[in-house]
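Laboratory data are not the source of any read-out in this text; all were calculated from the coordinates shown. This is a predicted model, so every value here is computed, not measured. When we count neighbours, we look across all protein chains shown, and the Cβ atoms used for this are built from the backbone with ideal geometry, even at glycine.
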Amino acid sequence: MVVIEKFKFVPATLSLRPGDRVRWENRDIVPHQIAESSLRKWKSPDMKPGESFLLEVKETASYLCVLHPTMEGRIEVTSG
């Protein structure tokens with residue numbers, strides 16, 4: 001799980017295997033929208049405080065908050 005609070009992703013980098021699921025939980029006081037950095041592969045809906053977004057990961061990806069682009073994170077997908 002990645003927690004969103006104080007305009008940060010915690011942890012900023014998460015290691016997973018292909019097919020694992022990651023959940024972002026918005027514990028901040030404002031909405032956030034999570035998207036793969038190119039904005040082409042996947043994107044969450046706007047998440048209000050207390051809401052979450054679940055994604056099955058297939059490959060390594062950098063991501064950001066579309067509403068606050070200085071917020072960045074990374075999913076590292078490993079086979080082992």
Among the GluC sites (Glu not before Pro) within the chain, which fall in a DSSP loop and have no more than 13 other Cβ atoms within 10 Å of their own Cβ?
-> Glu59
What trypsin sites (Lys or Arg not before Pro) does the range 4-66 have in DSSP loop regions with at most 10 other beta carbons within 10 Å?
-> Lys6, Arg40
Per-selection Rg to Rh, the range 1-51 - Cα, Kirkwood hydrodynamic radius | 0.96
Computed over the chain, the relative contact order (Cα-Cα under 8 Å, seq sep at least six) in percent reads 35 percent
